[in-house]
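The values are calculated or read from the model by the stated rules, or taken from the named source; none is laboratory data. This is a predicted model, so every value here is computed, not measured. Backbone-built Cβ (ideal geometry, glycine too); neighbour counts: all protein chains shown.
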Amino acid sequence: MTTPAGWQTVALSDGVSFAVPPDARMADLRPIDSQFGVWRGPGYEIIYDYGATSEPLDAESARGGYVRKRRQLGARTAEETSFTGDGQPWVHVRMLRVPCGRLALTLRVSCLDQRGCELADPLFDSVDVSSR
């Protein structure tokens, strides 16, 4: 787990955390059944969902360019996907789902272009679920 210099750490319950770029701003939303939030920056949006019913990755499997692979995060194996967005406004989407016992952390990075989604790699690498 690495946090890029200047990025903001987002700490959730149970010691789960991740980092977002310095230009990201949190939207004011109220979660229903999990820890949920949206961070927005120029050309991108990051949605996190930590709970028992976080967004499944296969819900988007019919999208164009859908690719699913494993990603190692320390001692944990996570699942990662990427696919073409609907273009309204997001053109490219990358997602990560990290199991945490009976809970899971899902991160969704939506971007105006594929290059903008390059922030997904350092974001995903910043995930820390080691205390879970």
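Of all residues in the range 5-22 being of a type outside the set (Ser, Thr, Tyr), exposed (fewer than 14 other Cβ atoms within 10 Å of the Cβ) and over 14 Å from the mean Cα position of the chain (by Cα), which is nearest to TYR50 (Cα to Cα)? In this case the residue turns out to be GLY15. Which of the residues spanning the range 46-90 are part of a loop (DSSP other than H, G, I, E, B) and in contact with a strand residue (DSSP E or B) (Cβ under 7 Å, 6 or more places away or on another chain)? Within the range 46-90, ALA52, SER54, GLU55, ARG63, GLY64, GLY65, TYR66, GLY85, TRP90 meet the criteria.
All conditions in (1) among the charged types (D, E, K, R); (2) surrounded by 14 or more Cβ atoms within 10 Å (Cβ to Cβ); (3) within 19 Å of ASP128 (Cβ to Cβ) hold for ARG70, with the sole exception of (2).
For beta carbons closer than 8 Å, sequence separation of 6+ or different chains, a first residue in the range 1-20 that is more than 20 Å from LEU103 (Cα to Cα) and in a loop (DSSP other than H, G, I, E, B) and a second that is at pLDDT 90 or above and β-branched (Val, Ile, Thr), the qualifying pairs are THR3/THR9; TRP7/VAL20. When the range 91-131 is filtered for residues that are charged (D, E, K, R), outside any strand (DSSP E or B) and closer than 13 Å to PHE18 by Cβ, the ones remaining, listed by number, are ASP121, ASP125.
Please pick out the residue among GLY101, GLY51 that is touching a Lys or Arg at 6+ places or on another chain (Cβ under 9 Å) and not aromatic (Phe, Trp, Tyr). Even if it seems obvious, please write down each step before you answer.
Details: GLY51 fails: touching a Lys or Arg at 6+ places or on another chain (Cβ under 9 Å).
Checking each option against the conditions leaves just GLY101.
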